[in-house]
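Report on the structure given below.
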Amino acid sequence: MTDLYQNTFEKSINDPNAFWAEAAEDCFWYKKWDKVLDDSKKPFYRWFTGGVTNTCYNALDLHVKRGHGDRVALIYDSPVTDTIKKYTYSQLTDLVATFAGVLAGRGVAKGDRVIIYMPMIPEAAIAMLACARIGAVHSVVFGGFAAKELATRINDAKPKVIVSASCGIEAKRVIAYKPLLDEAIEFATSKPESCVIYQRPMATADLIAGRDFDWQKLAADAKPHDCVPVAATDPLYILYTSGTTGQPKGVVRDNGGHLVALKWSMKGVYNIDEGDVWWAASDVGWVVGHSYIVYAPLFKGCTTILFEGKPVGTPDAGVFWRIISQHKVKSMFTAPTAYRAIKREDPKGALIKNYDLSSFNILFMAGERLDPDTLQWSENHLKVPVIDHWWQTETGWAIAANCMGLKHFPVKYGSPTKAVPGWNVKVVNPGNEEVAAGEIGALVVKLPLPPGSLPTLWNNDAGYVKSYLEEFPGYYKTADAGFIDEDNYIYVMSRTDDIINVAGHRLSTGAMEEVLADHPDVAECAVLGVEDSLKGQIPIGFLVLNAGVDRKEADIVKEVIQMVRDRIGPVAAFKTATVVKRLPKTRSGKILRGTIQKIADNKEFKTPATIDDPATLTEMEEALNRIGFAKSRK
Ligand code: COA
Ligand code: AMP
């Protein structure tokens, strides 16, 4: 019997040139590529060198040219503003062309960077596509980050223009964005020439004369701008993601490889066809939002939903079902944490019964481990396949999935199924040798990575090699640990670095430690991600105070919590910290994070042989008990 998955996978690995050339035929090119896979500058592999295209043309104009201008391209569904607005491919093309004209009018040209700091409104997608239209490189910054984080990204990307909005809406709270933007620009050493601000009626922003411009006013006078041909290897965007320090990594995405891979993935991974209604409930500030709210569904000619709301509280835990039934969504994609939030509010799924979900085919989950409870709950109540898949900001699309356009494999709980075509996933030991089936090791991908994955870090080739390619020569290091079983199912167990996943958001405990260490009374600190029934993980902090500090511990704790909120942002969800006399360490002075984490998660642990003083573990357990963790040691 032919196995479409197996054949496709093998072809993608054994003959990537033919495989991706065929996929690329589905896209529009001003000029076709000279080489599909260019390996002339290893380990910097490039895709479709010599090819000339435009991402925005493929997302919008192409569909209009092909006679689908009246098809709905984007539905903005915003329960927080009580708005539902639909944009056809023609309308969206016109709006994007106009905003491209606005950007060009502000001096933005091919290769210039534009930072987009926006809430979940259509103008965020319009700004992204407008950048792509003129060959500018966008860098979207998630709205939940604080001014300092935004400033760090401004300094690295050096944008000519920043596009923002007057405010965002978090459930029932209006969050003014403009003061955060002003503060960030003040902190930043590299200043943008201008800011374009979309004024929302819930809170309008004061504009600084000469620097800030009103989106709507500029758009009223702007001349639509046509698509600018760009090299397939030119950067489309930079997306900053947490690294192991406070300095985020600028993941670069190119135009050609990204276009080809993402368009292929809509059918191959998600079994979505042109004209289908697709919904990724994420945020444009994350990679899921880039790939599956904006680019891939539009490349494919689908209707994509842009949702401004939360899974619960806007107005209730039935909002997902309302959207699926009202817009006849075929498949949706979100993070397990969203379903955990719904399950907590409506454990019996009573609200589901109020809606007709007959259009709904598949639920996709990613961004964090899909726990069996949530998987089971979703399967039982929605009665559709629930598909876990594994990917990263760096990869841009799924590394492992049950590829629903190829073959629906039986689901094994705890596994995102098999390697996606293009991704030659292996498990290796510290000596870079492949391990046997079932053995845990480092999850790596054999080079070259497929199109759509990061070609490098922004202005930092050396950092790219150091972070991803050095430790396991010949492979890309995912920094996830796991194993592959005898049926080639992949299991992702944990990160091998200090990245944690809070409500599907990727955060660095190292970056939080840098903030805590800055408090004048803190001598030493540790931040760990501990299990949380809603958010998957949450950070908790341990503080060792300087000798002689006699202030109230509670005040210091309050201050460090506020510092993390101010410097990293509310998204860090850093709400718990406690003071300890000392931290458990090895004799060589390494903090025993793994052991502390096990105590906090109520898991079995062995006292490490290298521990300096075993009594520190009891002290740690007492500290964890004080803050409501580790109630009993197994
Ligand atoms: N702008 C400003 N603030 C933001 C923000 C934004 N775009 N996004 C989040 N925040 C704030 C929240 O208001 C909250 O602030 P608070 O501490 O004052 O309450 C904080 O950041 C944490 O936000 P969040 O992680 O969203 O937690 P929550 O408690 O508000 O909601 C969930 C919990 C599970 C409902 C929510 O995390 C969720 O919907 N997650 C889905 C995750 C997702 O889409 N991930 C993308 C990868 S697929
Ligand atoms: P991000 O870059 O924000 O997408 O986060 C990527 C990280 O999230 C991965 O390295 C994993 O640690 C985790 N992750 C993403 N998807 C999954 C999944 N399906 N199962 C387990 N972990 C996941």
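The values are calculated or read from the model by the stated rules, or taken from the named source; none is laboratory data. As the structure is a computational prediction, the values presented were derived from the model and not from experiment. Heads up, the Cβs are rebuilt from the backbone with ideal geometry, glycines too, and the neighbour counts pull from every protein chain shown. For accessibility, only protein heavy atoms count, side chains too; no ligands or nucleic acids. Shrake-Rupley method; radii C 1.70, N 1.55, O 1.52, S 1.80 Å.
Working only within the stretch 506-528, note down all residues that are touching a Ser or Thr at 6+ places or on another chain (Cβ under 6 Å) and either more than 23 Å from Glu621 (Cα to Cα) or surrounded by 22 or more Cβ atoms within 10 Å (Cβ to Cβ) (or both).
Restricting attention to the stretch 506-528, the residues satisfying the condition of being touching a Ser or Thr at 6+ places or on another chain (Cβ under 6 Å) are 506-508, 510, 527.
Residues satisfying the conditions are Arg506, Leu507, Ser508, Val527.
Let's see how each residue does on (1) within 16 Å of ligand 2 (Cβ to nearest atom); (2) out of contact with any Lys or Arg (no Cβ under 7 Å at 6 or more places or on another chain); (3) closer than 29 Å to Tyr355 by Cβ:
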{"residue": "Pro224", "(1), (2), (3)": "no, yes, no"}
{"residue": "Gly243", "(1), (2), (3)": "yes, no, no"}
{"residue": "Ile272", "(1), (2), (3)": "no, no, yes"}
{"residue": "Val277", "(1), (2), (3)": "no, no, yes"}
{"residue": "Ser282", "(1), (2), (3)": "yes, yes, yes"}
{"residue": "Ser291", "(1), (2), (3)": "yes, yes, yes"}
{"residue": "Gly309", "(1), (2), (3)": "no, yes, yes"}
{"residue": "Lys328", "(1), (2), (3)": "no, yes, yes"}
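I'm checking my understanding of the structure. Among residues of the stretch 544-572 that are out of contact with any Pro (no Cβ under 7 Å at 6 or more places or on another chain) and open to solvent by less than 20 Å² (accessible area, probe 1.4 Å), which one is nearest to ligand 1 (Cβ to nearest atom)?
Let us first name the residues in the stretch 544-572 that are out of contact with any Pro (no Cβ under 7 Å at 6 or more places or on another chain), namely 544-571.
Add one more test, that the residue is open to solvent by less than 20 Å² (accessible area, probe 1.4 Å), and what stays is 544, 556, 560, 564, 568-569, 571.
Values: Val544: 26, Ile556: 20, Val560: 15, Val564: 11, Ile568: 10, Gly569: 7, Val571: 4 Å.
Residue satisfying both the conditions and the ranking: Val571.
Might you let me know whether the stretch 42-64 holds any residue that is of a type in the set (Ser, Thr, Tyr) and open to solvent by 70 Å² or more (accessible area, probe 1.4 Å)?
Looking for residues that are of a type in the set (Ser, Thr, Tyr) and open to solvent by 70 Å² or more (accessible area, probe 1.4 Å), one finds none in the stretch 42-64, hence no.
For Phe44, are the conditions met, namely being closer than 27 Å to Pro450 by Cβ and assigned to a strand (DSSP E or B)?
Working: closer than 27 Å to Pro450 by Cβ: yes; assigned to a strand (DSSP E or B): no.
It is false that Phe44 is closer than 27 Å to Pro450 by Cβ and assigned to a strand (DSSP E or B).
Please identify the pairs in which a residue from the stretch 288-309 that is under 26 Å from Arg173 (Cα atoms) and within 15 Å of ligand 1 (Cβ to nearest atom) has its Cβ atom under 9 Å from the Cβ atom of a residue that is open to solvent by 10 Å² or more (accessible area, probe 1.4 Å) and acidic (Asp, Glu), counting only partners at least 6 apart or on another chain.
These pairs meet every condition: Gly289/Asp283; Ile293/Asp283.
Kindly provide the set of residues from the stretch 481-505 that are surrounded by 19 or more Cβ atoms within 10 Å (Cβ to Cβ) and within 16 Å of ligand 1 (Cβ to nearest atom), ordered by number. So that I can check it myself, show each step before the final result.
Going residue by residue through the stretch 481-505, those that are surrounded by 19 or more Cβ atoms within 10 Å (Cβ to Cβ) are 482-484, 489-492, 498-505.
Scanning the stretch 481-505 gives Val492, Ile499, Ile500, Asn501, Val502, Ala503, Gly504, His505.
Has the stretch 601-615 got at least one residue that is touching a Phe, Trp or Tyr at 6+ places or on another chain (Cβ under 7 Å) and under 19 Å from Asp498 (Cα atoms)?
As a first pass, look at the stretch 601-615 and keep what is touching a Phe, Trp or Tyr at 6+ places or on another chain (Cβ under 7 Å): none.
Scanning the stretch 601-615, I find no residue that is touching a Phe, Trp or Tyr at 6+ places or on another chain (Cβ under 7 Å) and under 19 Å from Asp498 (Cα atoms), so the answer is no.
Every residue in the stretch 405-426 that is in contact (Cβ under 8 Å) with a residue 40 or more places away in the chain and either surrounded by fewer than 22 Cβ atoms within 10 Å (Cβ to Cβ) or of a type in the set (Lys, Arg) (or both), please.
Gly405, Lys407, Phe409, Lys412, Tyr413, Gly414, Lys418, Asn424, Val425, Lys426
Yes or no, residue by residue, for (1) within 15 Å of ligand 1 (Cβ to nearest atom); (2) touching a strand residue (DSSP E or B) at 6+ places or on another chain (Cβ under 9 Å); (3) open to solvent by less than 10 Å² (accessible area, probe 1.4 Å):
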{"site": "Ala130", "(1), (2), (3)": "no, yes, yes"}
{"site": "Val137", "(1), (2), (3)": "no, yes, yes"}
{"site": "Val140", "(1), (2), (3)": "yes, yes, yes"}
{"site": "Ala146", "(1), (2), (3)": "yes, no, yes"}
{"site": "Glu149", "(1), (2), (3)": "yes, yes, no"}
{"site": "Asn155", "(1), (2), (3)": "no, no, no"}
{"site": "Lys158", "(1), (2), (3)": "no, yes, no"}
{"site": "Ser166", "(1), (2), (3)": "yes, yes, yes"}
{"site": "Glu170", "(1), (2), (3)": "yes, no, no"}
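Between Val80, Val114, which is open to solvent by less than 40 Å² (accessible area, probe 1.4 Å) and not in a strand (DSSP E or B)? Give the derivation first.
Numbers: Val114 fails: not in a strand (DSSP E or B).
From the options Val80, Val114, the qualifying one is Val80.
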